[in-house]
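K.L.:
Structure below; questions to follow.
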Amino acid sequence: MKYLEQINEVFFAMLDTNIYKLVTDIAFYNREQEFGLQGDFFDSHERFLAYASYKGKAFLINESILKWQSDALQLNTPWNKAIFTTYSDGHFEVKTWWDEDFQKQLYPNG
């Protein structure tokens, strides 16, 4: 199973019957090889339901996110921010980008 599917599997398990989607913001700290997760649950009318708790989940996807980041670097498409959207029907969408301001805040001395 590919790493994005593994990440989606963990996020999908967090959904319950009244949740249409989980939108997870991922911030990757390059030098530390660590990441932060923050997410929101929404219903099918795009109304916010609750904040997501990733307590006990990060270790389940740690290796997958590190592989994802490593592959992006090898393909010359680095990212330090991502939005991972998991839907109740099992499919997912991913958007990545490089946030230079975020990078400078993390590592002001280069």
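Nothing in this text is a laboratory measurement; each read-out follows from the coordinates by a stated rule. All of these numbers come straight from a predicted model, not from anything done at the bench. Note that we place each Cβ from the backbone using ideal geometry, even for glycine, and neighbour counts take in every protein chain shown.
K.L.:
Quote to one decimal, in nm, the extra length available between L73 and F48 on full extension: 0.36 nm per residue of separation minus the C-alpha distance between them. Spell out each step's value before the answer.
P.N.:
Numbers: separation 25, 0.36 × 25 = 9.00 nm, distance 3.37 nm.
Using 0.36 nm per residue and subtracting the Cα-Cα distance, I get 5.6 nm.
K.L.:
In nm, to one decimal, how far is the modelled label at Q38 from the one at Y107, with both set 7 Å along Cα→Cβ?
P.N.:
Between Q38 and Y107, the label points sit 2.2 nm apart.
K.L.:
Mind listing the phi-derived Karplus ³J(HN,Hα) values for region 24-31, rounded to whole Hz, using 6.51, -1.76 and 1.60 with θ = phi - 60°, and x for any glycine or proline?
P.N.:
Each residue of region 24-31 in turn: 10, 8, 10, 10, 9, 9, 4, 5 Hz.
K.L.:
Among (i) 25, 15, 12; (ii) 22, 15, 15; (iii) 31, 15, 11, which is the computed semi-axes √(5λ) of the Cα gyration tensor in Å?
P.N.:
(i)
K.L.:
Given the pairs K81/K104; K57/K104; K21/K104; K67/K95, which span a C-alpha to C-alpha distance of over 25 angstrom in this model? List each step's numbers first, then the result.
P.N.:
On the way: K81/K104 13 Å; K57/K104 28 Å; K21/K104 32 Å; K67/K95 16 Å.
Among K81/K104; K57/K104; K21/K104; K67/K95, the Cα-Cα distance tops 25 Å for K57/K104; K21/K104.
K.L.:
Sort 61-72, 28-39 for me by packing, meaning the mean count of neighbouring Cβ atoms within 10 Å per residue, highest on top.
P.N.:
My ranking of the peptides, most packed first, is 61-72, 28-39.
K.L.:
Packing-wise, with mean Cβ within 10 Å as the measure, how do 47-59, 98-110, 76-88 rank, highest first? Kindly include the intermediate steps, with their values, before the conclusion.
P.N.:
Values: 47-59: 12.2, 98-110: 10.5, 76-88: 16.9.
So the peptides 47-59, 98-110, 76-88, ranked by packing, come out 76-88, 47-59, 98-110.
K.L.:
Residues with amide H under 5 Å of A52's amide H, sequence separation 5 or more or different chain, H placed in the peptide plane at 1.01 Å from N; which?
P.N.:
G39, D40, F41
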